[in-house]
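Single-structure report; data block below.
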Amino acid sequence: MLEIYNNMITRIKDYRTRQNLTQEDLAKKVGVRRETIVFLERGKYNPSLKLAHDVAKTLNTTIENLFIFEEEVPEPESPESRVVIVD
């Protein structure tokens, strides 16, 4: 399951569960608290490059596969903001 917050998609949980690792297991392997992994999986914490690298290496993947930043999507125009000129 992909979690999307602040235009960031994280796949950490998918990769972690495929390897039968708990959040605690992954945390110990990369040297952080379990809560850090929780926040990473929810996309509520932007990791340092070092932490992102360590997590990716531990999960045998790349940073690009774990963290995807979506482009800003412009808000649709509201009907009130449209101007129609009729001749």
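Residues whose amide H falls under 5 Å from that of residue 8, counting only those 5 or more places apart or on a different chain, are 70, with hydrogens built in the peptide plane. Exposure proxy ranking for 63, 12, based on other Cβ atoms within 10 angstrom of each Cβ and starting from the fewest, stands as 63, 12. For residue 65, neighbours were defined as the other residues whose beta-carbon sits under 11 Å from its Cβ, and their charges (Lys and Arg +1, Asp and Glu -1) total -1. Using a/c under 1.5 as the rounded threshold, could you call region 3-68 rounded, prolate or oblate? The axes a ≥ b ≥ c are square roots of the C-alpha gyration tensor eigenvalues, and prolate needs a/b larger than b/c, oblate otherwise. Rounded, since a/c falls under 1.5. Here the Karplus relation 6.51 cos²θ - 1.76 cosθ + 1.60, evaluated at θ = phi - 60°, turns the backbone of region 33-49 into coupling constants of 7, 4, 4, 5, 5, 4, 5, 4, 5, 7, x, 9, 9, 8, x, 5, 4 Hz, with x for every Gly and Pro. Charges were assigned to the Cβ only: +1 to each Lys and Arg, -1 to each Asp and Glu. The resulting dipole of region 3-68 about its Cα centre is roughly 120 debye.
No value in this document is a laboratory result; all are computed from the given coordinates. Quick caveat, the model's predicted, so the values are computed rather than measured. With ideal geometry, Cβ positions are generated from the backbone for all residues, glycine too; neighbour counts draw on all protein chains shown.
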